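To start, the structure under review is shown below, and the notes come after it.
The values are calculated or read from the model by the stated rules, or taken from the named source; none is laboratory data. Since we're looking at a predicted model, the values are computed, not measured. Here the Cβ positions follow ideal geometry from the backbone for every residue, glycine too, while neighbour counts run over all protein chains shown. These area figures cover heavy atoms from the full protein model, side chains too; ligands, DNA and RNA do not enter into them. Shrake-Rupley method; radii C 1.70, N 1.55, O 1.52, S 1.80 Å.
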There are 2 protein chains.
Amino acid sequence: MTDHHAETRDLGRLDAYWRAANYLSVGQIYLLDNPLLEQPLEIGHIKPRLLGHWGTTPGLNFIYAHLNRVIARDDLDMIFICGPGHGGPAVVANTYLEGIYSEIYPEVGRDREGMRRLFRQFSFPGGIPSHAAPETPGSIHEGGELGYALAHAYGAAFDNPDLIVACVIGDGEAETGPLAASWHSNKFLNPKTDGAVLPILHLNGYKIANPTILGRMTDEALLRLFEGFGYEPHFVEGSDPIPTHQAMAATLDIVIGRIREIRQGTLADGMAQPRWPMIILRTPKGWTGPKEVDGLKTEGFWRSHQVPLSGLADKPEHLAQLEAWMRSYRPEELFDEAGRLVPELQALAPQGDRRMGANPHANGGRLRRELSVPDHRAFALDVPEPGGVQGEATRAMGQLLRDVIRENPRSFRLMGPDETASNRLDAVFEATDRVWMEDILPEDVHLAPEGRVMEVLSEHLCQGWLEGYLLTGRHGLFSCYEAFIHIVDSMVNQHAKWLKVTRDLEWRQPISSLNYLLTSHVWRQDHNGFSHQDPGFIDHVVNKKADIVRIYLPPDANTLLWVTDHILRTYDRINVVIAGKQPAPQWLDIDQAAAHCRAGIGRWGWASNEGDGDPDVVLACAGDVPTLEAVAAVSLLREQLPDLCIRLVNVVDLMALQPKEQHPHGLPEEDFIRLFTRDRPVIFAFHGYPQLVHRLTYKRTNHDNFHVRGYREEGTTTTPFDMVVLNELDRFHLAIAAIDRLPQLGADADRARRRFQERLAEHHDYVRQHGRDMPDVADWRWPGRGTAAPFD
Amino acid sequence: MTDHHAETRDLGRLDAYWRAANYLSVGQIYLLDNPLLEQPLEIGHIKPRLLGHWGTTPGLNFIYAHLNRVIARDDLDMIFICGPGHGGPAVVANTYLEGIYSEIYPEVGRDREGMRRLFRQFSFPGGIPSHAAPETPGSIHEGGELGYALAHAYGAAFDNPDLIVACVIGDGEAETGPLAASWHSNKFLNPKTDGAVLPILHLNGYKIANPTILGRMTDEALLRLFEGFGYEPHFVEGSDPIPTHQAMAATLDIVIGRIREIRQGTLADGMAQPRWPMIILRTPKGWTGPKEVDGLKTEGFWRSHQVPLSGLADKPEHLAQLEAWMRSYRPEELFDEAGRLVPELQALAPQGDRRMGANPHANGGRLRRELSVPDHRAFALDVPEPGGVQGEATRAMGQLLRDVIRENPRSFRLMGPDETASNRLDAVFEATDRVWMEDILPEDVHLAPEGRVMEVLSEHLCQGWLEGYLLTGRHGLFSCYEAFIHIVDSMVNQHAKWLKVTRDLEWRQPISSLNYLLTSHVWRQDHNGFSHQDPGFIDHVVNKKADIVRIYLPPDANTLLWVTDHILRTYDRINVVIAGKQPAPQWLDIDQAAAHCRAGIGRWGWASNEGDGDPDVVLACAGDVPTLEAVAAVSLLREQLPDLCIRLVNVVDLMALQPKEQHPHGLPEEDFIRLFTRDRPVIFAFHGYPQLVHRLTYKRTNHDNFHVRGYREEGTTTTPFDMVVLNELDRFHLAIAAIDRLPQLGADADRARRRFQERLAEHHDYVRQHGRDMPDVADWRWPGRGTAAPFD
């Protein structure tokens, strides 16, 4: 047989494989029964509600089949990221053809009954979603909310030098902001130590009811655009299957060859950033589906976006058209009588873990190794007495992260939008650099292709890269300005949903938690002003499932160290840690910090002066700045009203406030009462919006006596103390709030209140005159040397 | 004088103007006093806290001065959008030089004392922020959170055919996702009816502590990238002022000429999308500032990002360096003895409203005309009795919007990510098309360069364009899938902050509200699945200031019509409307709808069967699907327990739940008690996360008896009714919840509870067998023909 004949035979088989995937895709969208079309198609075989999206599917099947060819031939380690929304039928069909689907879900076997179940379960109650979801073997990316495919792909490729991540990007998704920025990720991929990303921009030309921007661009414009982004674009275009197969196969050979060249370093040395190849594939939307429906153009148009044929019960001609469409794939050639893919086609799929549906990188927990976390106690601040020393919390954390990077040189990354040093984590630069693949100039500082710190002015990229990195079994932390983490609210939603679903899938192994350090927080954005002040991210995440979300507000450096150590060891969670970077009083030594954090919430005995019974008032606090103000308020009250019995309660683990039945970290009710009493006023100084505390505690005993202060959307460019005053969270307002709730106190209290009000007026005049805080406020330290235990 | 001499003289003057702006910028960052450097600089003249950002400032001043030149020469109508963060000193300096600053803020006069105040107020308590903020004349864009400058610029240009929007984009901002997508906005700009956007990509090479991606790209790569995006890039590069002035002036002449050509239509006709010019400007970061500080490279490096010289009290050499730096601008040549800009330089600024700081487009309320809103009653559904007819709420709204577009053909736009038809607003296409400037094919439907509907698969662009459009005095609405509006959470924050600040600025005229229709909401995402289910946007917006935010949950078509009419007439607000697009029972005729919406909350008499006193139980509901389920629950309870007295309360205006002192729409407490009683159980069926209702009502009488059902993050691809069952918001669970809180009911209640539980089991089996909801649930209609008034 000549080469030409062999090629024709191979492409014929490839085409048959593609037809099999297309057949299974249409079957999933339409059929309840009669999976092999052994009987004439009847309305009883059709699903009552037609839910699914045909438009993108044949193109995905086409790409998948071609990737299989090169994987099997070259024994490639490759995963598949399905960017287009609603691409579920394609990925499910292909993983079913590979056999892995039936291995994971034995009830969906490789036979007639299995195929019937495969079809029935799709977008059906009790079944599976229409996207490449957590339930889908081989997927690390849900094509529900669009925009993150390419960032996930790069995240998966980092530190996986043998891996190729094939990433299909739909022309709809390509219009989103996060995807548009993601093209620049090539500037952060090191060919020596990272894997390859193969972007396949699939232009089928249409979204739901519109053309796409990129689909209508000329090849010339696309070429310039992607060359500008630093890629080497290869075009494949067609609608006639066989020539298009030929073009795709030839192009994929070139592209895989290029990747091999880049990896082998046959490029000129000193060329830091290679020009990675990409494919721009133009095929018709709804390719091989109905050309026209009811006289209207359907194949190659947005009308094939969802179900091209509908209302089948009332339109027998549509039913006939569906049958003809399905039979056009010649299922009798593809599946044997038992419903099993014929051996000749089975042989085309890669084997074992090389199957993209079985690749362990796409079930990252299988590859995950525990992070080696050095002893955080080594970086503890010496705190001989509460409030006696100053320290920068994130600076201590930076030392711990430095050693984490040293001990885990290929499996931990720190992400942030150009703020690692600004957030005082710069100790990490003693161990590593920032990743940088563009030119490096002599004056540059801490830039290197091998860096473990990833800085880009895009929270979307930081988040997307980290998600991809975690989902493939590695570890990391995202450090961000608190206000701007809202930029990724929606990405967090999707990741939380992913985690929730995977928890119910035994075959999905746990992955490392998504860890945030939010710093440069609302109370210390006095210098950047109102636009930088928003503590609402925690309000957003508490809506997620309780078993996913943890929120920590460590009040000082040693508690931050303990919390950091803790979150780095967890899995399948979203951990949000909020801590300041500015010099601030330190309260607890490392042993006290550990005990306090383990409890999550506790009474600070040294700041309290109660006797055996309940105090007159409880001052509670969560967050570093509120803690300082609450402690100072206690001090003021004790100074002015020595007979008043005060208890100070500090909260590190915010979820401890919720009832136990709402959150696993919730404090048992009797412990809550022991801390907050049954009937005494509680003045609560909170880091975020005050309503969040009410939301968490409304079912608690004594909630009616909770008076919460926090951010109330007041702020500007001013001094740090003025920020808390503007929001009435400062020590004077807190002390006044306590007095106002203790009507029994009488004349002494009135005098104290007047004194505090005078101090507020002094503050107001002082900062507006001098542009800084009054020295005794700025440098305030806890004067009391409590004889009680530091906390209990 | 020869041309050459004239040019030299003109550029010399331009350079002097630039020096004046630079001088005023450094002064703002550093000086408390001695504004004209009439005395040797002493530490007492320096601010105690140095807050500000020098790095971007000289480049902004350079651009501003050159734009002034062409505005004055050609009488151009131009506004300035300052993308780079912390560009405040530049815009403030320039508007001060123009005189407009002192016209708006007379206390900051054009003399020595005014200059002293100008300097002192910057980033000072009681002063102004470091960004081009609402306080800054001529600004419609705050450079706090980066990413939105170019989308704002395009929004401003739409339907402003005489306007040129000069938009400076920093190379930091250019890394963000929203900005990266914004380049494609040129595909939506119609040269015949819209203004021009002149993007000026300012590459100073560095962010906070890193080089920038685009700054390190070669000119060749940048050329390809932006040609690929469809622009005609013009490069200007330099660090030696005079040649750089020459290059910038020459380039600006070319670019303005190109814009004129495009506007005059001298381009080949049929070329739909012109190749608009842009400028890529490379100048050093911190240009003209200290070259080195403490021996480290500063000018042209990230060290000049903020304050290049600091710690002046301890470092006299820094103080000397600052003085030399400021004197290098030769202030004595720029300002007269009284501190006033010399007349020769004053003459360079444009006059009157042509000054970019005074252009009315940048204070859009000055140009805003009331929207002409047609009578919404014309589209009312006929509802002869509650629950008797079905209707699609958004379809009725679409008819109203169609006529809004007809009556306001140049001042109203509808934005959405390719979902206008999917969200059943397609009546608008009877009046207009989708904007489309790329090629239009014969098969395309409703695409035209003149369209009023803007569809792009980027919520960021929809939001950014609409903000720009509103801020320049026009009107619009953004229709979005509920789950994906979280993509713009952070943009909403920034707009809310902008509105809050402008409310305190008398000179800023009110602008039209930012209106959202959130549809395809959580309860009808049964077909798209879990990734499309999130009702948390309203949790996000309630954190904003109460006088800014309104949330409406109209239960049917006529209430949605009333609410739409209402929000379109409001200003300076963010209105969030959530309504379904699916066929659903209609409850109120248009008169009842108006009365109900005006009250915001009310008892529905026809669904209640109470006597004169308080009912046994209150069923409350907010949102269309929860309303249906609550009404059905009432029906079930009345059927099974005829003696039970039930009241149904429906909430349209969510803020009515909050106490009056927390929100202006809050219901007075006595009215709240009248509706919800003092002590009866309240079963509340809520559209969103249940905790939001608790958060809004925790201070209310009877809150302890509120039992709220809503979305609890359970969902998948299933049937509509199964969605509510999974979250226990359905009629059966609501009825059971009521029974559980009425222990006095006895055996009848136990029987009813068992009946409801059986029905739930039947549902479970039915949907998993048939893939659709039980007919009597799917087609349920209110059986009661209440004799009471429809509502009261």
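A single entry from A:126, A:138 fulfils the requirement of being on the phi > 0 side of the Ramachandran plot and modelled with pLDDT under 95: A:126. When segment A:638-666 is filtered for residues that are part of a loop (DSSP other than H, G, I, E, B), touching a strand residue (DSSP E or B) at 6+ places or on another chain (Cβ under 7 Å) and either open to solvent by 20 Å² or more (accessible area, probe 1.4 Å) or on the phi > 0 side of the Ramachandran plot (or both), only A:665 remains.
If the condition is being open to solvent by less than 10 Å² (accessible area, probe 1.4 Å) and among the β-branched types (Val, Ile, Thr), then segment B:52-61 contributes only B:57.
Taking the condition of a type in the set (A, V, I, L, M, F, W, C), farther than 20 Å from residue B:535 by Cα and within 14 Å of another protein chain (Cβ to nearest Cβ), does residue B:501 pass? Against the criterion (of a type in the set (A, V, I, L, M, F, W, C), farther than 20 Å from residue B:535 by Cα and within 14 Å of another protein chain (Cβ to nearest Cβ)), residue B:501 qualifies. Counting only residues that are in a helix (DSSP H, G or I), open to solvent by less than 10 Å² (accessible area, probe 1.4 Å) and within 21 Å of residue B:478 (Cβ to Cβ), segment B:551-567 holds 7 of them.
Report whether or not residue A:521 is open to solvent by less than 10 Å² (accessible area, probe 1.4 Å) and either touching a Gly at 6+ places or on another chain (Cβ under 7 Å) or of a type in the set (D, E, K, R) (or both). Give the derivation first.
Values: open to solvent by less than 10 Å² (accessible area, probe 1.4 Å): yes; either touching a Gly at 6+ places or on another chain (Cβ under 7 Å) or of a type in the set (D, E, K, R) (or both): yes.
Here the answer is yes, as residue A:521 does meet what is asked.
One residue stands out in segment B:182-209 among those that are in contact with a Gly (Cβ under 9 Å, 6 or more places away or on another chain), over 14 Å from residue B:155 (Cα atoms) and facing chain A (nearest Cβ under 8 Å): the one that is surrounded by the fewest Cβ atoms within 10 Å (Cβ to Cβ), namely B:208.
In segment B:740-778, which residues are without any contact (Cβ under 8 Å) to a residue 24 or more places away in the chain and closer than 20 Å to residue B:621 by Cβ? Even if it seems obvious, please write down each step before you answer.
At the first step, the residues of segment B:740-778 found to be without any contact (Cβ under 8 Å) to a residue 24 or more places away in the chain are B:740, B:743-744, B:746-747, B:750, B:753-754, B:758, B:761-762, B:765-766, B:768-770, B:775-776.
Correct list: B:740 only.
Among the conditions (1) in contact with a strand residue (DSSP E or B) (Cβ under 7 Å, 6 or more places away or on another chain); (2) open to solvent by less than 20 Å² (accessible area, probe 1.4 Å), the only one that residue B:357 does not satisfy is (1).
For (1) within 27 Å of the chain's Cα centre (by Cα); (2) closer than 20 Å to residue B:36 by Cβ; (3) in a loop (DSSP other than H, G, I, E, B); (4) at the interface with chain A (Cβ under 10 Å from one of its Cβ atoms), each residue gets a yes or a no:
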position: B:69; (1), (2), (3), (4): no, no, no, no
position: B:80; (1), (2), (3), (4): yes, no, no, no
position: B:84; (1), (2), (3), (4): yes, no, yes, no
position: B:92; (1), (2), (3), (4): yes, yes, no, no
position: B:120; (1), (2), (3), (4): no, yes, no, yes
position: B:124; (1), (2), (3), (4): no, yes, yes, yes
position: B:153; (1), (2), (3), (4): yes, no, no, no
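With respect to (1) of a type in the set (A, V, I, L, M); (2) within 24 Å of residue B:128 (Cβ to Cβ); (3) modelled with pLDDT under 95, the lone exception for residue A:747 is condition (2).
Just to verify a result, which residue in segment A:529-546, among those that are more than 7 Å from every other protein chain (Cβ to nearest Cβ) and open to solvent by 10 Å² or more (accessible area, probe 1.4 Å), is nearest to residue A:696 (Cα to Cα)?
Step one: of segment A:529-546, the residues more than 7 Å from every other protein chain (Cβ to nearest Cβ) are A:533, A:535, A:537-538, A:541-542, A:546.
From what is left, the residues that are open to solvent by 10 Å² or more (accessible area, probe 1.4 Å) are A:542, A:546.
Values: A:542: 9, A:546: 12 Å.
Checking each candidate, the answer is A:542.
Within the set A:292, A:317, A:299, A:323, the sole residue that is of a type in the set (Asp, Glu), assigned by the TED database to the domain that holds residue A:23 and touching a residue at least 60 places away in the same chain (Cβ under 8 Å) turns out to be A:323.
Whether any residue in segment A:62-80 is within 21 Å of residue B:717 (Cβ to Cβ), crowded, with 23+ Cβ neighbours inside 10 Å and either touching a strand residue (DSSP E or B) at 6+ places or on another chain (Cβ under 9 Å) or in the same structural domain as residue A:140 (by the TED database) (or both) is what I want to check. No, there is no match, as no residue in segment A:62-80 is within 21 Å of residue B:717 (Cβ to Cβ), crowded, with 23+ Cβ neighbours inside 10 Å and either touching a strand residue (DSSP E or B) at 6+ places or on another chain (Cβ under 9 Å) or in the same structural domain as residue A:140 (by the TED database) (or both).
Would you say residue B:582 is modelled with pLDDT under 95 and open to solvent by 10 Å² or more (accessible area, probe 1.4 Å)? Talk me through it step by step, then tell me what you get.
Details: modelled with pLDDT under 95: yes; open to solvent by 10 Å² or more (accessible area, probe 1.4 Å): yes.
Taking the combined requirement at face value, the residue satisfies it.
Within segment B:31-48, the set of residues being assigned to a loop (DSSP other than H, G, I, E, B), surrounded by fewer than 19 Cβ atoms within 10 Å (Cβ to Cβ) and either within 14 Å of chain A (Cβ to nearest Cβ) or of a type in the set (Lys, Arg) (or both) comprises B:32, B:33, B:48. Looking at segment B:218-230, is at least one residue away from chain A (no Cβ under 14 Å) and not hydroxyl-bearing (Ser, Thr, Tyr)? Within segment B:218-230, none of the residues are away from chain A (no Cβ under 14 Å) and not hydroxyl-bearing (Ser, Thr, Tyr).
Looking across B:147, B:143, one residue alone is within 9 Å of another protein chain (Cβ to nearest Cβ) and touching a strand residue (DSSP E or B) at 6+ places or on another chain (Cβ under 6 Å). It is B:143. Of a type in the set (Lys, Arg), touching a helix residue (DSSP H, G or I) at 6+ places or on another chain (Cβ under 7 Å) and open to solvent by 20 Å² or more (accessible area, probe 1.4 Å): is that true of residue A:224 in this structure? When the stated conditions are applied, residue A:224 passes them. Candidates are the residues of segment A:359-380 that are within 23 Å of residue A:430 (Cβ to Cβ) and part of a loop (DSSP other than H, G, I, E, B); the one that is farthest from the chain's Cα centre (by Cα) is A:380. For segment B:738-786, the set of residues classified as within 14 Å of another protein chain (Cβ to nearest Cβ) and aromatic (Phe, Trp, Tyr) consists of B:766 only.
Scan A:383, A:428, A:453 and give me the residue that is within 25 Å of residue A:583 (Cα to Cα), without any contact (Cβ under 8 Å) to a residue 60 or more places away in the chain, away from chain B (no Cβ under 12 Å) and in contact with a Leu (Cβ under 7 Å, 6 or more places away or on another chain).
Numbers: A:383 fails: without any contact (Cβ under 8 Å) to a residue 60 or more places away in the chain; A:453 fails: away from chain B (no Cβ under 12 Å).
Residue meeting the stated conditions: A:428.
All conditions in (1) more than 10 Å from chain A (Cβ to nearest Cβ); (2) of a type in the set (A, V, I, L, M); (3) over 28 Å from residue B:251 (Cα atoms) hold for residue B:128, with the sole exception of (1).
Restricting attention to segment B:446-459, the residues being touching a helix residue (DSSP H, G or I) at 6+ places or on another chain (Cβ under 8 Å) and at pLDDT below 95 number 0. Scanning segment B:381-416 for residues that are outside any helix (DSSP H, G or I), crowded, with 22+ Cβ neighbours inside 10 Å and either over 23 Å from the mean Cα position of the chain (by Cα) or among the acidic types (Asp, Glu) (or both) gives B:383, B:386, B:387.
Condition check ((1) in the same structural domain as residue A:626 (by the TED database); (2) among the small types (Gly, Ala, Ser); (3) crowded, with 20+ Cβ neighbours inside 10 Å) across all residues:
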{"site": "A:729", "(1), (2), (3)": "yes, no, yes"}
{"site": "A:733", "(1), (2), (3)": "yes, no, yes"}
{"site": "A:736", "(1), (2), (3)": "yes, no, yes"}
{"site": "A:739", "(1), (2), (3)": "yes, no, yes"}
{"site": "A:742", "(1), (2), (3)": "yes, no, no"}
{"site": "A:748", "(1), (2), (3)": "yes, no, no"}
{"site": "A:752", "(1), (2), (3)": "yes, yes, yes"}
{"site": "A:759", "(1), (2), (3)": "yes, no, no"}
{"site": "A:767", "(1), (2), (3)": "yes, no, yes"}
